[in-house]
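Okay, so here's the structure we're looking at.
The values are calculated or read from the model by the stated rules, or taken from the named source; none is laboratory data. These numbers come from a predicted model, not from an experiment. FYI the Cβ positions are ideal-geometry reconstructions off the backbone, even for glycines, and counts take in every protein chain you see.
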There are 2 protein chains.
Amino acid sequence: MNGAEALIQTLFKGGVRVCFANPGTSEMQLVAAIDKQDGMEAILGLFEGVVTGAADGYARMTDTPAATLLHLGPGLANGLANIHNARRAHTAMINIVGDHAVDHLKYDAPLTSNIVGVASPMSHWVRTSTSSSDLAVAGAEAVVASQIYPGQIATVVAPGDHAWTDGAMVAACEKIPDVPKARELDVLKAAAILGNKTRKSALFLGGRALREAALFQAGRVVAKTGARIICETINARWQRGAGRVTAERLPYFSEMAVEYLDGLEQIVFVGCKPPVAFFAYPGKESWISPKNAKLVELAKVSIDPEDALRRLADELDAPSLPANVQDETPTNFECGKLTRESAGIIISKLMPENAIVSDESGTSGGAAFRYSAGGPKHDWLMITGGAIGQGLPVAVGAAVACRDRKVIALQADGSGMYTVQALWTMARENLDILTIIMKNNSYGILNIELSRVGVTHPGPKALSLLDLSNPTLNWVSISEGLGVKAVRAETTDEFFEAVSQAMVSTGPRLIEAQLL
Amino acid sequence: MNGAEALIQTLFKGGVRVCFANPGTSEMQLVAAIDKQDGMEAILGLFEGVVTGAADGYARMTDTPAATLLHLGPGLANGLANIHNARRAHTAMINIVGDHAVDHLKYDAPLTSNIVGVASPMSHWVRTSTSSSDLAVAGAEAVVASQIYPGQIATVVAPGDHAWTDGAMVAACEKIPDVPKARELDVLKAAAILGNKTRKSALFLGGRALREAALFQAGRVVAKTGARIICETINARWQRGAGRVTAERLPYFSEMAVEYLDGLEQIVFVGCKPPVAFFAYPGKESWISPKNAKLVELAKVSIDPEDALRRLADELDAPSLPANVQDETPTNFECGKLTRESAGIIISKLMPENAIVSDESGTSGGAAFRYSAGGPKHDWLMITGGAIGQGLPVAVGAAVACRDRKVIALQADGSGMYTVQALWTMARENLDILTIIMKNNSYGILNIELSRVGVTHPGPKALSLLDLSNPTLNWVSISEGLGVKAVRAETTDEFFEAVSQAMVSTGPRLIEAQLL
């Protein structure tokens, strides 16, 4: 078999079941090898940001890596922003990037570039194969590297001649290392401070501490200690809804976040570091935690949070049932023109049990997030690295991972444009995704940020750079052009009807929610 | 003034008149500074690949750099593929990339990344400012670095606090170095071999040797020596049309290119290196020039080609008027269903004097290229680095540079999707661009390449990765969703009518040319 076949069979044996792809000439042998590999799906994205974002969404829902197939340095570069997001989500991902045949590199042909250089800033692990037979070995190493808990970006550069040369063999993957557990000392430290109920305490959660089982253990700690449960502003995958242990979400803007934590005397971190401001601003703090609070890191992101929280709860002799369990919270909305508030309430009312929400709704989505807390159980996926253009691709990947679940892509109009090509993949794969474009014709966040960085009297040229009108995007037309049925809603009645319809059907749909 | 104002004023003093931008929070001070800078245009792209591709198109037409404004590592990454193309086009470009405030970097906030690492593979010159007052100095250096002949990619990383801190000053740009001239020895060598008319000779041109004035001198050499003029397959800007000295274009596929040059005994290179295959293929040559031919490098790409060719012509005592001047060549097409051939002929018939063509038409565009050779004078811009998604953004930049000229974007459907957001900027800026989507519902080149790399019996999974149907893209709908008036043409009558209409109107339009 050739190197490409050996690589793909190695990945399959290592558990990789999906390859999101946007190949070029230098990847044709890899395409042929995927073709021959029964049981491995090949899903085309019409832009590489779709490919890498989909791999991220897939892995967030399965906790196993997808592969991507990318074309040389520029193809990888196009996928890099969503690799950045995946890296910040601690997602397992295996990128296969074709390169020129080794003997061809010296000619510096037009598509030649430093692929390792492009990959390195956003990858945990990068390796170029050294021969046809080494390509599968590199793949086997990538399978393991990508799954170092909780997940890493592993990138394999595959020269064309290594792919097409015969005489290669499937390589065996080594065992994935066990998930590291919290140190006993840290459990005792955390228990010691939280045991003191006279002090204002919080558990501060991130990473996989936002999964249901870990939250359950955090709820036991609360039942015993009365500590608050707070979590990072942005989380890769948060299991929420009525009946699950809930957490307070730290506000986004740093001064509000500082105020939010003010008064806490001790904080135990699980699955994350102490929070910092997303951006720096003139005269504002980057550090969010109260200056005099006692901070204990029970488990960083690379430590099993459920185990750590269970041991903490047991050490505290906590009851077996958790506190902080979310109630069902029925809500009502005001009829009329659609607003962020009413749109959010309608979404959370109509969301089915077990939905997955891919949230890149920016300034327009807060209400949907808040009201869904008391709705049916669901997974909420966020834009972890701040590189916009994540929402639609992650929805694609989540829907491929969970074909029996409804996926809702809550998408701001500005950021939706970055990887709008994702709609086409939704159509081709008939993915059960409802995309809701929260349309305010603006980079809403930047209009806020402009004043926050101290620009008080912006002129028309500055404002034009933050504005999406002139012309207004017609998302219905764009979506239908990409093969996804779409409808516009401007009133609560129209929106309620459109979301209801989408919930009783399957397959991709888009609603352009024109917000007041 | 703050660092941002000092930087923008420095760039303006250095001749920068346009900033293509997609800013974020960390660039808000730079947005405000551009706002204050009279005479500097600020043009928004809804994706960074549009921004960098537009800067490339602008500089190709003006030979002066535009600035780009990009948001941190991921924003730069999104623009990287078209920076790669610009680098391969030897385009002058100044990228301003915001970064977190220096004190904020240690917190490793979600959007933190190694920006210099992302920039380096595709930049000739990268520099992070060291202080508020240094930011303008870095900008002044970038103005010069970008204009080292024939053009370089200069990237300035601008930390937020350097932008917002007061006390900065405008920096002076040093003089742009003179364009290096060919060595006298090389002129004599080239003259010596071309003077021997018994041997089969060619001038092989690339880079700025494809501009009218350099071609004129090449034509004088031909008038004296009978050498052929051949040029690179892919050229950043080729000045063509009846009345100009013409050149033969080297075929794309390597075995055809080898055959094309076969029999030549001596080749003089001006503005380029000897050609190599675009990709390597099993058992095929990467080196294109005949093995036994005498090769003389008169002027590499960084040497003034017009001067070199004039001195060569003078040394040969060539006549003052050139040979190889292109005649007008009237053409006719077969009526009926639209084909690549008839579409190409219609485009070249209707193209106005002084048009600019941005060609990313892939496998569908050859006829338009061939037939336009004998049409009115025009500039033909190609996808220099092979990173698809260049065509529409380069058209944007060319149209901004030359608001009085008609721009025609000849665009393949597959590659058009990568930076489809460019249509919106065409609409916002009311750019005089006719986009023609050459629609074959396929990554046409990959269907050819699959067999060329030796894959003889591709299965349905492989073919699905090269196929753009299921669903078919509706470019009329996509285009109108982005604000550009569009029409579909399936017959020669419809296409002739649509192109004619576009030629007598101004402003952006799109024609979806459904090819048989």
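Here are some notes:
- Flag: residue A:415 does not match the condition of being free of Cβ contacts under 8 Å to residues at least 12 places away in the same chain and either outside any strand (DSSP E or B) or within 29 Å of residue B:429 (Cα to Cα) (or both).
- Selection count where residues are closer than 20 Å to residue A:78 by Cβ and part of a helix (DSSP H, G or I), scope segment B:418-428: 6
- Residue A:289 hydroxyl-bearing (Ser, Thr, Tyr), over 16 Å from residue A:207 (Cβ atoms) and within 26 Å of the chain's Cα centre (by Cα): yes
- Candidate set: segment B:274-294, residues that are over 28 Å from residue B:450 (Cβ atoms) and in contact (Cβ under 8 Å) with a residue 60 or more places away in the chain; chosen: the one farthest from the other protein chains (Cβ to nearest Cβ): B:294
- Test: residue in segment A:401-412 that is closer than 25 Å to residue B:79 by Cβ and of a type in the set (S, T, N, Q): yes
- Odd one out for residue B:268 among (1) touching a residue at least 12 places away in the same chain (Cβ under 8 Å); (2) out of contact with any Phe, Trp or Tyr (no Cβ under 9 Å at 6 or more places or on another chain): (2)
- Residue identified as in a loop (DSSP other than H, G, I, E, B), of a type in the set (A, V, I, L, M) and buried (at least 23 other Cβ atoms within 10 Å of the Cβ) among B:236, B:190, B:172: B:236
- Residues being in the same structural domain as residue B:411 (by TED's automatic domain parsing), farther than 19 Å from residue A:477 by Cβ and surrounded by fewer than 20 Cβ atoms within 10 Å (Cβ to Cβ) are entirely absent from segment B:471-489.
- Number of the exception - residue A:111 against (1) in contact with a Leu (Cβ under 9 Å, 6 or more places away or on another chain); (2) more than 8 Å from every other protein chain (Cβ to nearest Cβ); (3) in a loop (DSSP other than H, G, I, E, B): (2)
- Condition met for residue B:140 (outside the structural domain of residue B:381 (by TED's automatic domain parsing), in contact with a Cys (Cβ under 6 Å, 6 or more places away or on another chain) and aliphatic (A, V, I, L, M)): yes
- Among the residues of segment B:1-32, those that are out of contact with any Phe, Trp or Tyr (no Cβ under 9 Å at 6 or more places or on another chain), more than 8 Å from chain A (Cβ to nearest Cβ) and among the β-branched types (Val, Ile, Thr) comprise B:8, B:10, B:16.
- Residue count, segment A:387-428 (criterion: facing chain B (nearest Cβ under 10 Å) and charged (D, E, K, R)): 2
- Residue in segment A:154-172 that is under 19 Å from the mean Cα position of the chain (by Cα) and more than 18 Å from residue A:298 (Cβ to Cβ) present: yes
- Flag for residue B:385 being surrounded by 24 or more Cβ atoms within 10 Å (Cβ to Cβ) and in a loop (DSSP other than H, G, I, E, B): yes
- Complete set of residues in segment A:429-482 that are in a helix (DSSP H, G or I), closer than 23 Å to residue A:253 by Cβ and among the aliphatic types (A, V, I, L, M): A:445, A:446, A:448, A:450, A:462, A:463
- Scanning segment A:208-224 for residues that are touching a strand residue (DSSP E or B) at 6+ places or on another chain (Cβ under 8 Å) and under 16 Å from residue A:299 (Cβ atoms) yields A:209, A:210, A:211, A:214, A:215, A:216, A:218, A:221.
- Lone unmet requirement of (1) closer than 27 Å to residue A:220 by Cβ; (2) within 14 Å of chain B (Cβ to nearest Cβ); (3) hydrophobic (A, V, I, L, M, F, W, C); (4) not in a helix (DSSP H, G or I) for residue A:242: (2)
- When segment B:79-133 is limited to residues that are surrounded by fewer than 24 Cβ atoms within 10 Å (Cβ to Cβ) and of a type in the set (Val, Ile, Thr), the one that is farthest from residue A:109 (Cα to Cα) turns out to be B:102.
- Any hit, segment A:448-463, residues being under 26 Å from residue A:48 (Cα atoms) and either facing another protein chain (nearest Cβ under 10 Å) or touching a residue at least 24 places away in the same chain (Cβ under 8 Å) (or both): no
- Members of segment A:193-207 that are touching a strand residue (DSSP E or B) at 6+ places or on another chain (Cβ under 9 Å) and either on the phi < 0 side of the Ramachandran plot or part of a loop (DSSP other than H, G, I, E, B) (or both): A:193, A:194, A:196, A:199, A:200, A:201, A:202, A:203, A:204, A:205, A:206
- Residue among A:281, A:252 that is assigned to a loop (DSSP other than H, G, I, E, B) and closer than 18 Å to residue A:210 by Cα: A:252
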